[in-house]
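Student: If you scroll down you'll find the structure; I have some questions about it.
Read-outs throughout are calculated quantities, based only on the coordinates presented, and are distinct from any laboratory measurement. Since we're looking at a predicted model, the values are computed, not measured. A quick note on method: Cβ atoms are made from the backbone with ideal geometry, for glycine too, and the neighbour counts reach across all protein chains shown.
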Amino acid sequence: ACTSDSGDDSTLTVCTNVPFEPFEFMDGNEYVGFDMDLMNLLAERLDQTVEVVEIDFDSIGSGSALNAGTCDIAAAGLTITEERQAAMGMSQAYYRADQALVVPSASTVATLDDLSGMQVAVQSGTTGETYANDHAGQYGYEVVAFETMGDIASALSAGSVDASIADLATWTDMIKDAPDLKLVQPIETEEHYGFAVQKDDKELLDEVNAMLDQAFKDGTYAELYEKWIGE
Ligand code: ARG
């Protein structure tokens, strides 16, 4: 369901994947959140209009969506990694992130040590999936990959998986609407989110970094941080 608009310079096409609160999620049929507001700032700066392209996270994280011309930029709570820096143009960091362990409220699981023999849900193509795979042997659980965070929340609520590992800020927000789930352990991974552009799009990359510099300096970033993330 994706068409390239990269050639049209009145439109900034933004690849994302929802729900990923508070960075990107639906408010009615509108895409909103911290990332979306930062993309609105960028579009304003470029005198363009944002057009959101919703796509599976795998295609965003691997760089395949950007490099196929599906969108101009990816705004998806995307952690900066060496692989991604090689595959795409990654901006400077705009958010410090970690992972978290979430289980059904009735579960007795309190830490990663309690996961032996269990099924742990992750979002396909994410750093949470990488973390879960890297530690599966140590803790003795099995990793089950899902396409969206919404699918993971449903599977946890239905009891078809025992736990999930995904980004801390997103789980913190998502469990507010899901009283049958609880966050039991933050997992410090020291990640940083960045925006990604097509590998050779130096021009747009410079604009994104300049937009962030400006927002850090003039208080807009702090204002948006307060609005979407809070203390
Ligand atoms: N920060 C993680 C990563 O980059 C997860 C991002 C998932 N984002 C999303 N919009 N679903 O791999």
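Student: If you take every residue apart from GLU147 with its C-beta less than 11 Å away from the C-beta of GLU147, what net charge results, scoring Lys and Arg +1 and Asp and Glu -1? Don't skip to the answer; put the middle values down first.
Tutor: Values: positive: none; negative: ASP56, ASP58, ASP151.
Taking every Cβ under 11 Å from that of GLU147, the sum is -3.
Student: Between ALA110 and ILE229, what's the calculated FRET efficiency when r is the beta-carbon distance and R0 is 30 Å? Round to 0.05.
Tutor: Numbers: r = 26 Å, r/R0 = 0.87.
The pair ALA110/ILE229 has a calculated efficiency of 0.70.
Student: Based on DSSP H runs of at least 4 residues, each adding -39500 (n - 2.57), what is the mean residue ellipticity at 222 nm of the chain after dividing by all its residues, to the nearest 500 deg cm²/dmol? Spell out each step's value before the answer.
Tutor: On the way: 9 runs with 84 residues, N = 231.
Per the formula, -10500 deg cm²/dmol.
Student: Follow-up question, since we're still on this one. Evaluate the charge dipole of the chain about its Cα centre and quote only its size in Debye, nearest 20, assuming +1 on the Cβ of each Lys and Arg and -1 on the Cβ of each Asp and Glu. Intermediate results must be reported in sequence, preceding the final value.
Tutor: Working: 9 positive and 44 negative charges, 91 e Å.
So the magnitude is around 440 debye.
Student: Let me ask you something else. Quick one: net charge of GLN138's neighbours, Cβ under 15 Å, K/R +1, D/E -1?
Tutor: Values: positive: none; negative: ASP113, ASP114, ASP134, GLU142.
Counting the neighbours of GLN138, the net charge comes to -4.
Student: Using θ = phi - 60° and the Karplus relation 6.51 cos²θ - 1.76 cosθ + 1.60, list the HN-Hα couplings for the range 101-108 in order, rounded to whole Hz, with x at every Gly or Pro.
Tutor: Karplus values, whole Hz, x for Gly and Pro: 9, 10, 9, x, 3, 7, 5, 8.
Student: Among VAL184, THR220, GLY128, whose Cα projects farthest towards the positive end of the dipole of the range 111-231, with charges put on the beta-carbon of Lys, Arg (+1) and Asp, Glu (-1)?
Tutor: Going by the Cα projections, it comes out as VAL184.
Student: Let me ask something else. Quick one: net charge around ASP35, please, counting Lys, Arg +1 and Asp, Glu -1 for every other residue with C-beta under 12 Å from its C-beta. Show your work: numbers first, answer last.
Tutor: On the way: positive: none; negative: GLU21, GLU24, ASP37.
Result for the local shell: -3.
Student: Provide the per-residue ³J(HN,Hα) series for the range 51-63, in order, calculated from phi with Karplus coefficients 6.51, -1.76, 1.60 and θ = phi - 60°, each as a whole number of Hz, with x at glycine and proline positions.
Tutor: My calculation for the range 51-63 gives 10, 8, 10, 8, 8, 4, 5, 3, 5, 6, x, 7, x Hz in order.
Student: Here is a follow-up. Amide H neighbours of SER105 under 5 Å, at least 5 residues apart or on other chains, H built in the peptide plane: list them.
Tutor: Correct list: LEU181, LYS182.
Student: Continuing with this model, one more query. Taking Rh as the Kirkwood radius, which is the inverse of the mean 1/r over Cα pairs, what is the Rg/Rh value for the range 23-118? Each step should come with its number before you reach the end.
Tutor: Working: Rg = 17.1 Å, Rh = 16.0 Å.
That ratio equals 1.07.
Student: For the range 98-189, just the Cα set please: Rg and Dmax, both in angstrom.
Tutor: 11.3, 32
Student: Quick one: how many lysine pairs does the range 139-231 have with C-alpha atoms less than 26 Å apart and a gap of 8 or more or different chains? Give me the count, please. Walk me through the numbers before you get to the answer.
Tutor: Working: LYS176/LYS227; LYS182/LYS227; LYS202/LYS217; LYS217/LYS227.
Within the range 139-231, the lysine pair count is 4.
Student: Right, next: Quick one: compute the contact order of the chain, relative version, from alpha carbon pairs under 8 angstrom and 6+ residues apart, as a percent.
Tutor: The normalised contact order for the chain reaches 27 percent.
Student: Which percent of Cα pairs goes in each bin when the distances of the chain are cut into 10 angstrom slices starting at zero?
Tutor: 8, 34, 34, 18, 6, 0
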